[in-house]
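The values are calculated or read from the model by the stated rules, or taken from the named source; none is laboratory data. Here the structure is a predicted model, which is why all the values come from computation and not from measurement. Neighbour counts are summed over all protein chains in view; Cβ atoms, including those assigned to glycine, are modelled from backbone coordinates with ideal geometry. Only protein heavy atoms, including side chains, enter the accessible area calculation; ligands, DNA and RNA are left aside. Shrake-Rupley method; radii C 1.70, N 1.55, O 1.52, S 1.80 Å.
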Amino acid sequence: EALSQFKNKESVAIEWKSFQLDPSFVATPNESIVDHLAEKYRKDTDWAQTMIENMTENAKRSGLDFHFEKAILANSLNAHRLLHLAKKHKISNELKELLFKAYLTDGKNVNDWETLKNIGLEVGLNITEIEQLINSNAYSKEVLQDQQEAQNLGITGVPFFVFDNKYAVSGAQSTDVFLKTL
């Protein structure tokens, strides 16, 4: 929203970086996000449900349609690897939007190769390159480099935005905060 209001928006380049809240995360089949958050933060499920409802309402005010009740918990390493492939073809914004929609709205497993393949094809990635990615460790090093860069900058959560390697905005902030930073 801020970018659409920014008078020099054509001079802004967005670069997505890989960040995993827990790179060692292994999903437990059928675990709900509410139960996961309650356990992770050592709170009760009522607290976790309220947190989810608040995020859903904040998203709705921004025109986003989150359905955490459908969320399939997954390690996002492979999604980040696919994002690096999309970055090579200058379509990372398109891919990232579909990954967000898959996880936050549609309840798809973003660690499932069939899901990732379909998302990659939808944005125009080549099936051969996607299959090569699936059958290799391609872009794993780049994901780790992004995570190391985040650690070096002291980033511990998402969303987190870095502008021109000088200014940072942590968390979901108002449009005005982003406009002032831009």
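Exactly one condition in (1) open to solvent by 30 Å² or more (accessible area, probe 1.4 Å); (2) modelled with pLDDT of 95 or more is not met by Leu64; state its number.
Status for Leu64: all satisfied but (2).
From (1) closer than 27 Å to Thr28 by Cβ; (2) open to solvent by 50 Å² or more (accessible area, probe 1.4 Å); (3) assigned to a helix (DSSP H, G or I); (4) of a type outside the set (Phe, Trp, Tyr), pick out the condition that doesn't hold for Leu121.
The one condition Leu121 does not meet is (1).
Inside the range 6-47, can you point out the residues that are touching a helix residue (DSSP H, G or I) at 6+ places or on another chain (Cβ under 6 Å) and of a type in the set (S, T, N, Q)?
Ser18, Thr45
Looking at this structure, is Ala48 over 21 Å from Thr28 (Cβ atoms), open to solvent by less than 80 Å² (accessible area, probe 1.4 Å) and either touching a Phe, Trp or Tyr at 6+ places or on another chain (Cβ under 9 Å) or assigned to a helix (DSSP H, G or I) (or both)?
Here the answer is no, as Ala48 does not meet what is asked.
Of all the residues that make up the range 147-175, how many are more than 16 Å from Ala13 (Cα to Cα), part of a loop (DSSP other than H, G, I, E, B), of a type outside the set (Val, Ile, Thr) and without any contact (Cβ under 8 Å) to a residue 12 or more places away in the chain?
Within the range 147-175, residues that are more than 16 Å from Ala13 (Cα to Cα), part of a loop (DSSP other than H, G, I, E, B), of a type outside the set (Val, Ile, Thr) and without any contact (Cβ under 8 Å) to a residue 12 or more places away in the chain number 3.
Between residues in the range 70-82 that are assigned to a helix (DSSP H, G or I) and residues that are among the basic types (Lys, Arg) and open to solvent by 30 Å² or more (accessible area, probe 1.4 Å), which pairs lie under 7 Å by C-beta distance while being six or more apart or on different chains?
Between residues of the range 70-82 that are assigned to a helix (DSSP H, G or I) and residues that are among the basic types (Lys, Arg) and open to solvent by 30 Å² or more (accessible area, probe 1.4 Å), there is no close pair.
Inspect all residues belonging to the range 127-137 and state whether any of them is closer than 25 Å to Ala102 by Cα and among the hydroxyl-bearing types (Ser, Thr, Tyr).
Yes; the residues of the range 127-137 include at least one that is closer than 25 Å to Ala102 by Cα and among the hydroxyl-bearing types (Ser, Thr, Tyr).
Looking only at the range 93-118, how many residues end up being surrounded by fewer than 14 Cβ atoms within 10 Å (Cβ to Cβ) and not in a helix (DSSP H, G or I)?
Adding up the residues that qualify gives 1.
Leu37: surrounded by 11 or more Cβ atoms within 10 Å (Cβ to Cβ), of a type in the set (A, V, I, L, M) and not in a helix (DSSP H, G or I), yes or no?
Criteria not met by Leu37.
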